[in-house]
Amino acid sequence: MSIIKHPVATEKSVRGIDAQNSLVFIVDRKATKPQIKQEIERLLGVRVVAVNTHNDVENGKKAYVRLSPATPAIDVATKLGLM
């Protein structure tokens with residue numbers, strides 16, 4: 001089972017990169033916050049401070065992932081091809 005499906009590149013998510021040092025991902029509906037945190041840290045090699053989730057009717061489950069201040073989200077977004 002793949003927990004992380006893909007990153008989200010909307011205007012709101014791009015603003016979150018700068019303002020809150022966070023990224024948004026579409027994740028599996030059954031994934032828990034600890035599972036999402038572990039998978040992001042493993043895949044991207046970053047430290048995750050917090051994970052908030054939102055069940056969306058249209059897109060599935062969104063995970064708002066806040067990264068540690070030591071890792072700028074803009075660098076990770078560039079690596080993922082979002083910027």
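Laboratory data are not the source of any read-out in this text; all were calculated from the coordinates shown. This one's a predicted model, so the numbers in the text were calculated from it and none came from an experiment. When we count neighbours, we look across all protein chains shown, and the Cβ atoms used for this are built from the backbone with ideal geometry, even at glycine.
One table, with the values for the structure above:
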{"quantity": "Fewest-first ranking of V14, V49, using other Cβ atoms within 10 Å as the exposure measure", "calculated": "V49, V14"}
{"quantity": "Calculated [θ] (222 nm, deg cm²/dmol) that DSSP helices of n ≥ 4 give over the chain, each run adding -39,500 (n - 2.57)", "calculated": "-10500 deg cm²/dmol"}
{"quantity": "Amide hydrogen neighbours beyond the local backbone of M83, cut-off 5 Å, H modeled", "calculated": "T78"}
